1. Given the criteria over 22 Å from SER117 (Cα atoms) and buried (at least 23 other Cβ atoms within 10 Å of the Cβ), does ALA70 qualify?
2. Considering only residues that are assigned to a loop (DSSP other than H, G, I, E, B) and not aliphatic (A, V, I, L, M), look in the range 103-142 and name the one that is nearest to MET187 (Cα to Cα).
3. Mind listing whichever residues of the range 237-260 are open to solvent by 80 Å² or more (accessible area, probe 1.4 Å) and under 19 Å from the mean Cα position of the chain (by Cα)?
4. Starting from residues that are more than 20 Å from the chain's Cα centre (by Cα) and assigned to a helix (DSSP H, G or I), keep the ones in the range 269-302 and report whichever is surrounded by the most Cβ atoms within 10 Å (Cβ to Cβ).
5. So which of GLU312, GLU333 ends up being among the charged types (D, E, K, R) and either open to solvent by less than 40 Å² (accessible area, probe 1.4 Å) or under 25 Å from TRP48 (Cβ atoms) (or both)?
6. Of TYR294, TYR300, which residue is aromatic (Phe, Trp, Tyr) and at pLDDT below 95?
7. Just the residues that are among the hydrophobic types (A, V, I, L, M, F, W, C), open to solvent by 10 Å² or more (accessible area, probe 1.4 Å) and either on the phi > 0 side of the Ramachandran plot or at pLDDT 95 or above (or both), please, taken from the range 159-168.
8. Checking ARG217 against (1) of a type outside the set (Ser, Thr, Tyr); (2) at pLDDT below 95; (3) touching a His at 6+ places or on another chain (Cβ under 9 Å), which single condition isn't satisfied?
Amino acid sequence: MSKSRFDIAVRNTLEVVLPEELSQKLESGQRVTGYLGFEPSGLVHVGWLIWMFKVRDLTSIGVDFTVLEATWHAYINDKLGGDMDMIRKAARFVRHVLRAVGVESNIRFVDAEELVSDEDYWGVLLKAAKATSLARVKRALTIMGRRAEEAELDSSKVIYPLMQVTDIFYLGVDIALGGMDQRKAHMLARDIAEKLGFKKPIAIHTPILTGLSGPGRRMEGLDVDDVLADAKMSKSKPETAIFIHDSPEEVESKVMKAYCPPRVVEFNPVMELNKYLLFQQEGFRLVVERPEKYGGTVVYNDYNELERAYVEGRLHPLDLKRATAQSLNKLLEDIRRRLFSSGEAVALLEELKNVKVTR
């Protein structure tokens, strides 16, 4: 049975606010618009494939999609040392990655510089600022991987959440797509939209991949956004991230060293690679090859089957890692081939590799 537009839109998401609004919009027969903003901040790790595949899903069901290259946002967030030339190059590199993933031709790119050059944009931002409190804006700093108190050191940081809300209103989109770490900005936009006379966006939130070193510390009692900011895969910690340009040998080495405690699923990056990336591919099966004395080769046809086996101790972490590395390399093979076929993409990649990433 073929999947409905709604099923395709919501698969591999953690939250939709609100599902009934999305369903109604998709069934309306009217033009549906969506957007995602990303910070051009350097190299691209496999966690970004989650939102890229979701953009591919949405465009496949006819959503008119805009990708915002958040260059000024990246500048505020101190990405690439605040070097706007490198930030723009990082944006161009992401375009090549999207092309390699198979979505670039179906989307519209907008640079933040286009938006901020319009005085109307700043008028919307001021209205958004008037409609919310400073305390709430500071709480939303987790959308940029920051803590609220960091606004005390650099007041430009408080502009960032307001810019993200303004992006949504200014573009006039029906759907705001982002990782779960973007929830506070999306909820702020929904809360003040009608008050300011703007369209209330439907929010679609995708999973965030845990870094290969795991959560790093106990997470009990922490705000969920602080947990995500601390634990997520990040290019600023290259040893904890798998990059889409990594060689097969590098991918295997990183996966084999990854945090993967027996029987534990929560904040287990190897299990998440399976759940959020591998098993999202049409017809994927995880083949675990083992000697007969350790149970022989076993094939998992869906993620829930894999999770049960792992939690019950029927699958050893080393066997899981080997199979995951092999499957991830197969997924990345075509992406790498398409990416490396572009001379500009290779040149940008080499230049970005030489830039020290501090966040």
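The values are calculated or read from the model by the stated rules, or taken from the named source; none is laboratory data. Everything numeric here is computed off the predicted structure, so don't read it as measured data. Please note: Cβ atoms are built from the backbone with ideal geometry, for glycine as well, and neighbour counts cover all protein chains shown. Please note that ligands, DNA and RNA were not included when accessible areas were found on the heavy atoms of the full protein model with its side chains. Shrake-Rupley method; radii C 1.70, N 1.55, O 1.52, S 1.80 Å.
1. It is false that ALA70 is over 22 Å from SER117 (Cα atoms) and buried (at least 23 other Cβ atoms within 10 Å of the Cβ).
2. THR132
3. LYS237, GLU239
4. Going through the qualifying residues, I end up with TYR294.
5. GLU333
6. Unique residue meeting the criteria: TYR294.
7. Passing the criteria: only LEU162.
8. (3)
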